Amino acid sequence: LKPVGEAHYDAIENLTLVRVTDNSLLLCRGFERRETYVRHGDCFLLAHIELRNGAGVMLHHEYRHADQPVLSDLITYQGDLTNVHLHLGTMIDDHGHLKGLWEIRDGAPVRQLAAYYYDAHGDLINAQDENGAAWSYEYQHHLITRYTDRTARGMNLQWQGTGPDAKAIREWADDGSFDTRLEWDENIRLTYVTDAHGNETWHYYDILGYTYRIRHADGRSEWLFRDDAKNILRHVHPDGSTDRYSYDERSNVLEHIRADHSVMHYAYNDQDQLIKIRDAEGGLWLRDYDDHGNLIEAIDPLDNKTEYAYNDAGLPTAIKDANGNEKTLDYNDAGQLVEYVDCSGKTSAWAYNDLGKMVCFTDAAGNKTEYEYRSGQLILIKHPDNTEERFNRDAEGRLLAHTDGLNRCTTWTYTAAGLIDERVDAAEHTLRYRWDRLGQLLALENENQQQAKFHYDPVGRLLKETGFDGRSTLYEYDSSTGRLASTVDGQRTTHVEFDPTGRLIERTARLNDTAQTETFAYDGNGNLVMATNADSRLQWFHDPAGNLLREHQHYLSLQKPVVAVWQHEYDVLNQRIATTRPDGHKVSWLTYGSGHLLGMRLDEHELIGYERDDLHREVARHQGNRLLQTQQWDPVGRLQAQLLSRSDNQSTLLKREYKYDAAGQLTDLNDSRRGPLSYRYDPVGRLLSATSRLGVETFAFDPASNLLDEKTQQYQRPLDPDAKRNKLMDNLLREYTGTHYEYDERGNQIRRWHNGQQSQMRWD
C-alpha cells in the first residue's frame, strides 16, 4: 500500500486508491462512486459507499465471530447521513454465516427479506426470498455442481480439479440444453468454448485476460486491438468492417470512426461528463450538469434547449422544453413516482403499498386502475370500469395463466430450461413450441397440429424457414462477410447488399428472366437520403437535428419526367407543424403542450379544430364544412358514443353508441341510420356472428383461427378418425361463401372466381 496521503491510479480499471490514514483507504471509481475501507486486524473492510449524487450506504460490522468482525447493518441515505432511507440488519448463525436479512424500523426487525441455510461443510445450500421461494445449491469439494432457480429448474456444472484452482469445464440445463464446454489450450492463452451442437468458438486473450481475438464457429474472426489502458482502439468485426476509437488520458472516448468512415466526436468536462457531441453530419449537441452530476441542460444543433431540475435524491422534478412548457414530477421517500403533472396542468398519480408495489394508478381524468399481488407477483388488475384481469405466475415471474373479465382462461407451460413449451387458449386449443439445445426455435406447431419449421447455421443465422403451408424460404450468406446475400422464395430470388454498418443499399429481385433493382443511400447519421428504382428516385433532405426538411420525388418513367417537391417546417420541439405540397398549397398543424394536435389549416382556410379532454383524447372535431363531431370515452378509454351534428343549429345528423363486454369486445353498436348491430364472439375473441336489421351473418373458424366456409363445415362425430375435418391445414382460404381462391408457391393470391366471374393477379 502507498504511504498515508499518496494515491495510486489504475488506468485500466479507472480506479484511484488513496491511503487516507493508517487505518482507512479511499477507492474512487472515476467521479461516480467513492468507497471507504476501514482496517480490521489484517484486512480492510468496506464501510461506506457514496455516489456523486449524494446517495450512500453505510456498512457496520458490529458482530464478531472467531474474533473477526461480521457485517451487521446496512443503512442507506441521501445527502445527509441522518436522512436514513432504509436500515437493513443481518443475522448470523453460530458459525458466523449470514442466515437472515431483515428490514429494521425504530430499532426493531419488522420484515424478513431473505433467509440462508448451509450444510455441515459451511456451503450455502438454500437461499429464500421474503415469500419463501428458494434457490438451491449443491457442492462437491466446496465447488458448486448444481444450482436452481425458484422453480427448481437447475443448471449443472462439471469441474476440472478439486482445489482452489479448479476450473469449471462444463455447464448444462437439466434437460441437456444450453450444454457448454470449456477447454484451455496448454500452450497459449486460448479458451475453446463448445456449444451443445458441438460448434466451437475460440477466445484468445492477453496476459491480463483481455480478449483480442474471437474465432467464431463459422471460421470468421473478430479482432480487438487495445491501448495500454485496455481501451479498444480498433474493432474488426467478423464481416471485415472496422470501428476505430481514440481516447483522452482518462479513457473517455474522443473520436469514433465508424465502419462507413463517418466520424463522431466527443468532449468532456473535468468531471468526465460528456458535454459535447459532434455528429457525423456536423451537428453539435451540448449538455450541462449540476454539481451532483445530474443533466440540467441539453441543446440540440438548432439551439433548442431542454432544461431539467432535480430533488436532493437526484430524481428529476421538472422538465422544461424549448417552448417553455414545464412538466413536474413528485416522489415518495422511497424514490417512487407519485405524481406527474404534464405541461397542460393535467395530473396523474400513483400509490404504493408498504412493500413498494404499485397498488393504484389514477389518470388525469380521475379513472383508477388497481393492482393486487401475492408472493410478490401481480395477480389482479381491476380496471376503472370494475372489470378484472387475473394472473398466475411462478416464483420466477413466468406467466402460467391469465383470466380475462369474462373468466376465459389461457394457460402456459414451460420446459425444464424455462422456455415456453405450450400455450392453451380459452377454447382449449394448443400452440406448441419446439426448441433445440441452444434455445433456438425449431418448430411452432399450431392448433391444427401443423408445423412451421426453422433451421440455423452454426452461428445462429436462419438458413431455412418452412411455413404452415409447407412453403419454404431459403437464406444464403456471403462467404466472405457472413452477411445475408440472398433469399430464395419459390422461383423468386432476392439478392441484397449492405453497407459496412449493416444498412441495406441494394435489393434485386429475380423471377425467371426478369429482374427489378432498388438502391438506397444514407447520410452520416444513418438517415435515409435516397431510394431509386427503374421508375422513380426519392430524395430526402434533413436539418442538423435530423428533421426531414424536403422530399424530392422524381417520376422517371413518365413520358415527360417530373419532380414533386414537398417541404416541411418544425417547431422548437422538432415536431412537424407545416408541409408545403408540390402544388404550392400549405397544410399547417396547430399543436399545444408536448405536441397534441389542436387544429389543421389548408393555406389560410381552417380545416379542422379539435377539443380534447384531460387525457388529450379527441372529444370534439369542428370541421370546416360546419359539421361538429363529438366523441365520448368510457373509463378504460374505449369509444362510447359519437355524435355528428351541424355546428350552426346543433341538429343531429348521425349518432352512434357503443357497448362492450367485460373483456373489452364490442358487443353492440346503435347507429341512428343503420339501426342496432350486435356482435358475438367465441372464447378466444373471434367473431361468430354479426346481427343487424338486414339479418344475421355468421362466421366459423378452425382451431388455428382460419376462416371457414359454411359449406366446408362438416359434422364431425366424436370418434371420427379424420382429424383434418373442419381445418385449413395450410392456413390458406380456398373457398368462402361461393368465392374460390388460388395461390402461387409464395402464398400470393393469383386467382379469384365466383359464379363464372374471375379476377387474376400477377406479382412482381
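No lab work stands behind these numbers, since they all come straight from the coordinates. In this text the structure is predicted, and so the values were computed from the model without any measurement. Reconstructed Cβ throughout: ideal geometry from the backbone, glycine too, with neighbour counts over all protein chains shown.
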For region 117-262, with +1 on Lys and Arg beta carbons and -1 on Asp and Glu, the positive-most of Trp172, Trp202, Leu143 along the dipole: Trp202
P(r) histogram, all alpha-carbon pairs of region 539-627 included - 5 Å bins from 0, percent: 3, 12, 18, 17, 17, 13, 10, 6, 3, 1, 0
Around Pro316, with a cut-off of 12 angstrom between Cβ atoms, what is the net charge of the other residues, counting Lys and Arg +1 and Asp and Glu -1? -2
Label the chain by shape, choosing from rounded, prolate and oblate, from the square roots a ≥ b ≥ c of the eigenvalues of the Cα gyration tensor; if a/c is under 1.5 it is rounded, and otherwise prolate applies when a/b is larger than b/c, oblate when it is not. rounded
Centroid-to-centroid separation of region 20-58 and region 637-684 [C-alpha atoms, Å]: 66 Å
What order, most packed first, do the peptides 158-166, 116-124 have when packing is the mean number of other Cβ atoms within 10 Å of each residue? 116-124, 158-166
Checked region 267-398 against the a/c 1.5 cut and the a/b vs b/c comparison, axes a ≥ b ≥ c from its Cα gyration tensor; verdict prolate
Highest first, please rank the peptides 648-655, 687-694 by the mean number of other Cβ atoms sitting within 10 Å of their residues. 687-694, 648-655
Ordering of 566-577, 509-520 by burial proxy (mean other Cβ atoms within 10 Å per residue, highest first): 566-577, 509-520
Which shape class applies to region 522-680: rounded if a/c is under 1.5, otherwise prolate when a/b exceeds b/c and oblate if not, where a ≥ b ≥ c are the square roots of the Cα gyration tensor eigenvalues? prolate
Can you compute the FRET efficiency between Ala564 and Asn533 using 1/(1 + (r/R0)^6), with r the Cβ-Cβ distance and R0 = 22 Å? Round to the nearest 0.05. 0.85
Region 551-607 and region 81-135: distance between their alpha carbon centers, rounded to Å: 63 Å
How charged is the neighbourhood of Gly89? Take every other residue with its Cβ under 13 Å from the Cβ of Gly89, and add Lys/Arg as +1 and Asp/Glu as -1. -1
With the cut-off at 28 Å, tell me which of the pairs Lys167/Lys464; Lys382/Lys659; Lys230/Lys305; Lys357/Lys659 have Cα atoms farther apart than that. Lys167/Lys464; Lys230/Lys305; Lys357/Lys659
Counting only C-alpha contacts under 8 Å and six or more residues apart, can you give the relative contact order of the chain as a whole percent? 5 percent
Please compute the net charge surrounding Gln758, taking Lys and Arg as +1 and Asp and Glu as -1 over other residues with Cβ under 9 Å from its Cβ. +2
Can you tell me what the convex hull of the Cα atoms of region 1-105 projects to on average, as an area in nm²? 7.9 nm²
